[in-house]
Structure formats: structure tokens, C-alpha cells
Amino acid sequence: MSIHIEATQGEIADFVLLPGDPLRAKHIAETLLTETVCYNNVRGMLGFTGFYNGKRVSVQGTGMGLPSHMIYATELINDYNVKTLIRIGTCGGLQENVKLRDVVLAISASTDSFSVARYFPGMTFAPTASFRLAQLAAANASIMNIPIKAGNILSSDLFYHFPEEGDAYDLWRRHGILAVEMEAAGLYLLASRLGVEALSILTVSDHLLSGEHVSAEERQYNFTNMTKLALSLA
Ligand code: HPA
């Protein structure tokens, strides 16, 4: 057991998918995995282990934001020996050519979060995905006929902004940032520091230029392309 995960040693696979929403973890386990066992219910942050195409995989909810995500990623790595962590989640599109429902590979994750900055006072660390996983994901996406956008994203501490901030994303947009989400930079920092491999695969659920967004149901359940691409890396 760790503080936030009640699994016993060996109950969690060394390859783990990390959706923010624990109910998405449950849905993935129920629809895509076989011989599924639920190993965590602490705080309702559900985690499951099962098999996908004969490969043993786990799927663990993490909650939203770097601090919550980093608690689960740290415990999975340090206490359960997880070696490969794939975040799957939604993001807000920031560029014209990044469309609703597009799949985005986060090669790197810029951030406004102190959860990364605190370790590098006055300097800048570049949180980066595993090249092996990114390359494999790009290759598998092409085989699976899933178009991808790959590049730099923003992991932000904030979902909501006060009006006096103006367009909070303009600076990032002008620097080519494809999309905004709230976890990847923390995951990449931990993977670098703790010597494991990580990648974030995102689906555009809303667009911050056009204001379009997918429905809540689709947000929760219908991101199958992203999930199958993530599972193909096992
Ligand atoms: N901001 C942050 N995270 C997100 C967004 C957003 O607009 N959309 C989906 N995840």
C-alpha cells in the first residue's frame, strides 16, 4: 500500500494509462481490458489491472492538475515499480490547425506551474516525453490511421482565468504551443527525475479560439482513438 493507492505489491502492471477522470479509467477497464481487477478505491480514484491484446496493463485515475497527477505518478513509480506511464486526457486547442477531436502527442510540455519551477530557481527545465514512446506512438498512429499533431503543449495550473488577465494563452499561442491541459509537465518532470518513460496523448475537447467544445458525454467516454493508441504502446 502507498498513501493514496491501496493495491498490494504486484497488483499494478509496469505499464499504466493515466486518465484524469477515475470514471474514464473504469470505462476503459470495462470496455477494452479483459480479466479486469479493481485495485484502488481510495478517494474514489479508481485503478484497474487487466489485459489488452495479451499484454498486462493498468489504468489509474489521477484527478486534475499537476499536484494531484504527481501524487499518483510518484506512488506508481516509487512504490509499485511502474516503468511506463501514459497520460491520456483532453486539452484545449490553441492553434487554427488544431481541430476539435484531434489527437495531440505532447513531445514537450511547457508550464506555468510552480510544481516544476520550484526545482529550478531562476532557470528553465524542459519537460520532455520519452523519445522511444513518442516515436512508437507516431508509427502506430500511422498504422491505425489516426492523424496526429505532435509538438509543444502547455500544462497550466489554471482552468479558469479572471477577465483582467486578457487572453491568458496569447503568449503561448505565439510560441507555437498546440494546446493546453493540466498535467503533462509534472509527469515528464517525474519521469526524468525517477528514470522511467512517459508520454501524454491528448484529444482536443474544446477550442480556445473558436469556443467550440464536445459534449460532456463525449468528453467522458468517446475518446477511443487516443485510448487505443495509448494501449498500442504496451
Ligand atoms: N484548459 C485546461 N485544460 C483543459 C482545457 C482547457 O481549456 N480543455 C481541456 N483540458
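The values are calculated or read from the model by the stated rules, or taken from the named source; none is laboratory data. Source: prediction; values computed, not measured. Neighbour counts run over all protein chains shown; Cβ positions are idealised from the backbone, glycine included. Heads up: the accessible areas ignore ligands, DNA and RNA and are worked out on the full protein's heavy atoms, side chains in. Shrake-Rupley method; radii C 1.70, N 1.55, O 1.52, S 1.80 Å.
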Once the whole set of protein chains is in place, how much accessible area is left on Thr8, using a 1.4 Å probe, in Å² to the nearest 10? 80
Along segment 150-157, what does the Karplus equation 6.51 cos²θ - 1.76 cosθ + 1.60 (θ = phi - 60°) give for ³J(HN,Hα), rounded to whole Hz, x for Gly and Pro? 10, x, 8, 10, 10, 9, 9, 7
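Taking the Cα centre of the chain as origin, work out the dipole magnitude from +1 charges on Lys and Arg Cβ and -1 charges on Asp and Glu Cβ, in debye rounded to 20. Walk me through the numbers before you get to the answer.
On the way: 17 positive and 23 negative charges, 136 e Å.
Its charge dipole is roughly 660 debye.
Looking at segment 127-232, which chymotrypsin sites (Phe, Trp or Tyr not before Pro) are in a loop (DSSP not H, G, I, E or B) and have at most 16 other Cβ atoms within 10 Å? Present the calculation step by step, with values, prior to reporting the outcome.
Details: sites: Phe131, Phe159, Tyr160, Tyr169, Trp172, Tyr188, Tyr221, Phe223; in loops: Phe159, Tyr160, Tyr169, Phe223.
Here the sparse-neighbourhood loop sites are Phe159, Tyr160.
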Can you tell me the orientation of helix 131-143 relative to the chain, as the angle in degrees between its alpha-carbon axis and the longest Cα principal axis, to the nearest 10? 90
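Restricting the count to DSSP beta bridges whose residues both fall in segment 15-232, what percent are antiparallel, rounded to a multiple of 5?
Among the beta bridges of segment 15-232, antiparallel pairing accounts for roughly 40 percent.
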Amide H neighbours of Thr203 under 5 Å, at least 5 residues apart or on other chains, H built in the peptide plane: list them. Gly89, Thr90, Cys91, Val104
Along the Cα→Cβ direction, 7 angstrom out, place labels at Asn41 and Ala117. What is the inter-label distance in nm? 4.1
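Looking at the chain, how many pairs of lysines come closer than 21 Å at the Cα, when each pair is eight or more places apart or spans two chains?
8
Relative contact order for segment 1-120 using alpha-carbon pairs under 8 Å, separation at least 6, rounded to a whole percent?
On the way: 187 pairs, mean separation 34.6, N = 120.
In percent, rounded to a whole number, it is 29.
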Using the alpha-carbon atoms, what tilt in degrees (0 to 90, nearest 10) does helix 22-32 show relative to the longest principal axis of the chain? 60
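Probe radius 1.4 Å, ligands and nucleic acids ignored: give me the carbon and sulfur share of the accessible area of the chain as a rounded percent.
Working: 6050 of 10970 Å².
Exposed carbon and sulfur together represent 55 percent of the surface.
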Go from 0 up to the bin containing the longest alpha carbon distance in segment 149-218, width 5 Å each, and give me the % of pairs per bin. 3, 13, 21, 25, 18, 12, 6, 2, 0
Taking square-rooted eigenvalues a ≥ b ≥ c of the alpha carbon gyration tensor, is the chain rounded, prolate or oblate, where a/c under 1.5 means rounded and, failing that, a/b exceeding b/c means prolate? prolate
